[in-house]
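The values are calculated or read from the model by the stated rules, or taken from the named source; none is laboratory data. Everything numeric here is computed off the predicted structure, so don't read it as measured data. Positions of Cβ are generated from backbone atoms using ideal geometry, with glycine treated the same way; all protein chains shown enter the neighbour counts.
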Ligand SMILES: [Zn+2]
């Protein structure tokens, strides 16, 4: 349907493209590690990469052959390990906090540039890449705002006010611009079996935003998130936001995961978020609706599937470096501003 068409869709859809990121997204974005080659830890190699082995040995913690979630959960049961648990938490926090994007555009840059301010990115990752991508792209693209973001398990790069959401944290004082209270760093929610999101102020506010975004989603993209058993509570909240899949007949779900991932397993995991055949499974971010229809994903999907229009793809150019990538994006943003102005004029003249 895309071959002979010459037009791209106008930015007319106001419903959201919601993207959920897991560890697989960061691995796909930085397969060789961060800008200094530091590897991105997974739960099964985190103890080794963060070099926690000797401190755990010193306190007779049994960790060999186990993943971090199991070790950490067990440590929480023993009062004698309170101090070392705090030490482990700080070491993990600092490891992730120090990671940095490389100088060239990555999937994270393409992701944040592919979405409009109405859209929503929710991440389970503690790493700072989403924040860094937003900072370096939107300090240049000043005529618009980045998509909304939610850090579902905390993030090492953000601070928050437990009274205000969204808070504007003053960069010099590190205080909330609304109430003047000192900003707090987010607690990293470790993968223990019972996560109580309501007990943490930041998590509670974040999940309220997430639920609303799921209700208003038009396209849902799940990228590199495996929904482990320890995230049963998160999945339950996501389902509550999405509602009954039978009632989501206008929506599309796309799942991006690593090559070779069991397709039936993915279908089964995400079945509650899929209306009949309205889904596809991919192993490459650049083949997704998101990357193939930059800043126009919901519009293009609607025009093709509901209006039977011939519209062409608008793929993000993966090989364009900065600042050419910003120049390319700025043209689309300019079109959006013109479209919004035209729509506002129409509304005014109709009144
Ligand atoms: Zn405040």
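Listed by position, the helices (runs of 4 or more DSSP H) contained in segment 1-66 that have at least 1 residues being touching a strand residue (DSSP E or B) at 6+ places or on another chain (Cβ under 8 Å), assigned by TED's automatic domain parsing to the domain that holds residue 148 and under 30 Å from residue 226 (Cβ atoms) are 23-29. Could you check, for segment 180-199, whether at least one of its residues is more than 16 Å from the ligand (Cβ to nearest atom), over 20 Å from the mean Cα position of the chain (by Cα), modelled with pLDDT of 85 or more and assigned to a loop (DSSP other than H, G, I, E, B)? No - not one qualifying residue is present in segment 180-199. From the list 88, 92, 140, 131, the one residue that fits, being in contact (Cβ under 8 Å) with a residue 12 or more places away in the chain, under 30 Å from residue 47 (Cβ atoms) and surrounded by fewer than 21 Cβ atoms within 10 Å (Cβ to Cβ), is 131. Selection of helices (runs of 4 or more DSSP H) fully inside segment 244-350 by the criterion of at least 1 residues being exposed (fewer than 13 other Cβ atoms within 10 Å of the Cβ) and within 25 Å of the chain's Cα centre (by Cα) returns 263-270, 324-350.
Taken over segment 115-128, the criterion of being modelled with pLDDT under 95 and over 13 Å from residue 22 (Cβ atoms) is satisfied by 128 alone.
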